[in-house]
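Only one structure is covered here, and it is reproduced in the block below.
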Amino acid sequence: MSKRDETNRRPETIAAVHGVATDPAFAAVAPPLYLTSTYAFSGFETPGRYDYTRSGNPTRDVLAEALAKLEGGAGAVVTASGMAALDLLIGRLGPADTVLAPHDCYGGTMRLLKARAERGQFALRFVDQGDPAALAGALADHPTLVFVESPSNPLMRVVDIAAISAEARRVGTRVAVDNTFLSPALQCPIALGADYVIHSTTKYLNGHSDVVGGAVIAADPAEVEALRHWATVVGSVGAPFDAWLTLRGLRTLFARLDGQQRNAMAIAQRLEAHPAVSRVHYPGLDSHPGHAVAARQQRGFGAMLSFELAGGLAAVRRFVTALDMFILAESLGGVESLVAHPVTMTHADMGEDARAVAGITDGLLRLSVGLEAEDDLIDDLDRALHAASAA
């Protein structure tokens, strides 16, 4: 069967049906899962489209096509994890290259960048990308790659992707944006000028906390081919079954995020008004410093937020212990609501000094808001906040 025409289809439709009813063997509606590791040649020196799953797999390719279409890229490479996606991109750099990264990025990202830089693979510089003067000064040195995280993890800081991309282009620097927190349902960095988009597909794209995966989407077809080649060389590609599960999760991406971000807004407003909370970090609030930029470059404010308890670490311990609906766990983006304490969990490896510079305090908690009933989630938080306030 031939591929369906998706030329004028909206993103919601692409997410729901890309690859559907295109099975050439039996006309299966759901895209088949090809678990084979290798493929038969039709004859001597006559391979088919696929020869070995490390270099290509039909199931993984359907997911890559869908992600590229949703992000507006020329193509995508599906990897074994979000960290593998980042490493695929930076792994081609050399000692003469420089990576410019945000000073408050995800702890795992910082750990990987530092580990590669410490081995002399490239030079690394951290900068507050929300500070125009600091960013301009760093770009004046002509870095090879600017890595952007917006909203940031865990402080939900927002930077102007279009402005950063324009400034980077003027000095010949490429831009990569981690779009994990919003997904293409809410933000498309390539349309804002970015060269690459990185995802931990573990999170919103899959949406069910049962797959670990990643992806890199590139705007330039030549870069897509270079990334595919490098993924074959280093073997960082994702497994076919993981790709199949992620594609199944992608079908409901827009519907899931619609409900999740409604819950997140209600929770953010409730937290902002509570005396036990000293600060709420959610771009959907008018009080958020990046609200105007987020409203301009995003189609919604997402379902991630963080907040700081006035009582510090002791209050955090009481709060987390009293929770029932919110599960204390790392990761995010699933249909269930999670709470994480960055200092002791996701950003523990970042180091105390780096956390202090970034503004990650002992009292900070990060929420990944799920699809439970809004009232149940707010009741759970109210009980926990009452416990956190108890001396």
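Scanning the stretch 138-150 for residues that are part of a loop (DSSP other than H, G, I, E, B) and not acidic (Asp, Glu), which turns out surrounded by the most Cβ atoms within 10 Å (Cβ to Cβ)?
First, the residues of the stretch 138-150 that are part of a loop (DSSP other than H, G, I, E, B): 140-144, 150.
So of that shortlist, the ones also not acidic (Asp, Glu) come out as 140, 142-144, 150.
Details: ALA140: 9, HIS142: 11, PRO143: 24, THR144: 17, SER150: 28.
Among those residues, the one meeting the criterion is SER150.
Across the stretch 272-283, what is the total count of residues that are out of contact with any Asp or Glu (no Cβ under 9 Å at 6 or more places or on another chain) and either crowded, with 24+ Cβ neighbours inside 10 Å or at pLDDT below 95 (or both)? First the steps, then the outcome.
In the first step, residues of the stretch 272-283 are kept if they are out of contact with any Asp or Glu (no Cβ under 9 Å at 6 or more places or on another chain); the result is 272-273, 275-276, 283.
Still in the list and also either crowded, with 24+ Cβ neighbours inside 10 Å or at pLDDT below 95 (or both): 283.
Count: 1.
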- Output the residues belonging to the stretch 80-133 that are within 21 Å of THR346 (Cα to Cα) and of a type in the set (Ser, Thr, Tyr). SER81, TYR106, THR109
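Considering each residue of the stretch 347-391, count those that are of a type in the set (S, T, N, Q) and within 22 Å of ASP324 (Cβ to Cβ), and give that number.
Filtering the stretch 347-391 for residues of a type in the set (S, T, N, Q) gives 361, 368, 389.
Next, from what is left, pick out any that are within 22 Å of ASP324 (Cβ to Cβ): 368, 389.
Number satisfying all stated conditions: 2.
If I ask for residues that are of a type in the set (A, V, I, L, M), within 24 Å of ALA390 (Cβ to Cβ) and touching a residue at least 24 places away in the same chain (Cβ under 8 Å), which ones from the stretch 261-304 would you list? Full working, then the answer.
Of all residues in the stretch 261-304, those of a type in the set (A, V, I, L, M) come to 264-268, 271, 273, 276-277, 280, 285, 292-295, 303-304.
Then keep just the ones that are within 24 Å of ALA390 (Cβ to Cβ); that gives 267-268, 271, 273, 276-277, 280.
Scanning the stretch 261-304 gives ILE267, ALA268, LEU271, ALA276, VAL277, VAL280.
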- Message: Take GLY333 and tell me if it is at pLDDT 95 or above, more than 10 Å from PRO154 (Cα to Cα) and under 22 Å from the mean Cα position of the chain (by Cα).
- Response: yes
- Message: I'd like to know if the stretch 217-225 contains one or more residues that are crowded, with 24+ Cβ neighbours inside 10 Å, charged (D, E, K, R) and closer than 17 Å to GLU71 by Cα.
- Response: no
- Of the residues ALA243, ALA303, ALA310, ALA294, which is touching a strand residue (DSSP E or B) at 6+ places or on another chain (Cβ under 6 Å), surrounded by 18 or more Cβ atoms within 10 Å (Cβ to Cβ) and not polar (S, T, N, Q)? ALA243
- Query: Do we have any residue at all in the stretch 17-30 that's assigned by TED's automatic domain parsing to the domain that holds ASP210, surrounded by 14 or more Cβ atoms within 10 Å (Cβ to Cβ), part of a strand (DSSP E or B) and among the hydrophobic types (A, V, I, L, M, F, W, C)?
  - Reply: no
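Hey, which of the helices (runs of 4 or more DSSP H) in the stretch 57-122, taking only ones fully inside, have at least 3 residues that are charged (D, E, K, R) and surrounded by fewer than 21 Cβ atoms within 10 Å (Cβ to Cβ)?
On the way: elements: 58-71, 82-90, 107-118.
Counting at least 3 such residues, we get 58-71, 107-118.
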- Please specify each residue of the stretch 31-46 satisfying the condition of being of a type outside the set (A, V, I, L, M) and surrounded by 12 or more Cβ atoms within 10 Å (Cβ to Cβ). PRO31, PRO32, TYR34, THR36, TYR39
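Taking the residues in the stretch 47-56 that are surrounded by 13 or more Cβ atoms within 10 Å (Cβ to Cβ) and not basic (Lys, Arg) as candidates, determine which candidate is farthest from SER183 (Cα to Cα). Lay out the reasoning, then the answer.
First, the residues of the stretch 47-56 that are surrounded by 13 or more Cβ atoms within 10 Å (Cβ to Cβ): 50-56.
Next cut, not basic (Lys, Arg) only: 50-53, 55-56.
Details: TYR50: 29, ASP51: 32, TYR52: 30, THR53: 27, SER55: 26, GLY56: 24 Å.
Looking at the filtered set, the residue picked out is ASP51.
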- Message: Would you confirm whether or not the stretch 305-313 contains a residue that is within 26 Å of HIS208 (Cα to Cα), free of Cβ contacts under 8 Å to residues at least 40 places away in the same chain and either in the same structural domain as ASN179 (by TED's automatic domain parsing) or out of contact with any Gly (no Cβ under 9 Å at 6 or more places or on another chain) (or both)?
- Response: no
- Only one of (1) of a type outside the set (Phe, Trp, Tyr); (2) assigned to a loop (DSSP other than H, G, I, E, B); (3) in contact (Cβ under 8 Å) with a residue 60 or more places away in the chain does not apply to THR344, and that is (3)
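For every residue, the table says whether it meets (1) in contact (Cβ under 8 Å) with a residue 24 or more places away in the chain; (2) in contact with a Leu (Cβ under 7 Å, 6 or more places away or on another chain); (3) not aliphatic (A, V, I, L, M); (4) not assigned by TED's automatic domain parsing to the domain that holds PRO283.
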{"position": "VAL148", "(1), (2), (3), (4)": "yes, no, no, yes"}
{"position": "ASN153", "(1), (2), (3), (4)": "yes, no, yes, yes"}
{"position": "VAL158", "(1), (2), (3), (4)": "yes, no, no, yes"}
{"position": "VAL177", "(1), (2), (3), (4)": "yes, no, no, yes"}
{"position": "TYR196", "(1), (2), (3), (4)": "yes, yes, yes, yes"}
{"position": "ASN206", "(1), (2), (3), (4)": "yes, yes, yes, yes"}
{"position": "VAL212", "(1), (2), (3), (4)": "yes, no, no, yes"}
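The values are calculated or read from the model by the stated rules, or taken from the named source; none is laboratory data. The structure presented is a predicted model; accordingly, all values stated were derived computationally and were not measured. Note that we place each Cβ from the backbone using ideal geometry, even for glycine, and neighbour counts take in every protein chain shown.
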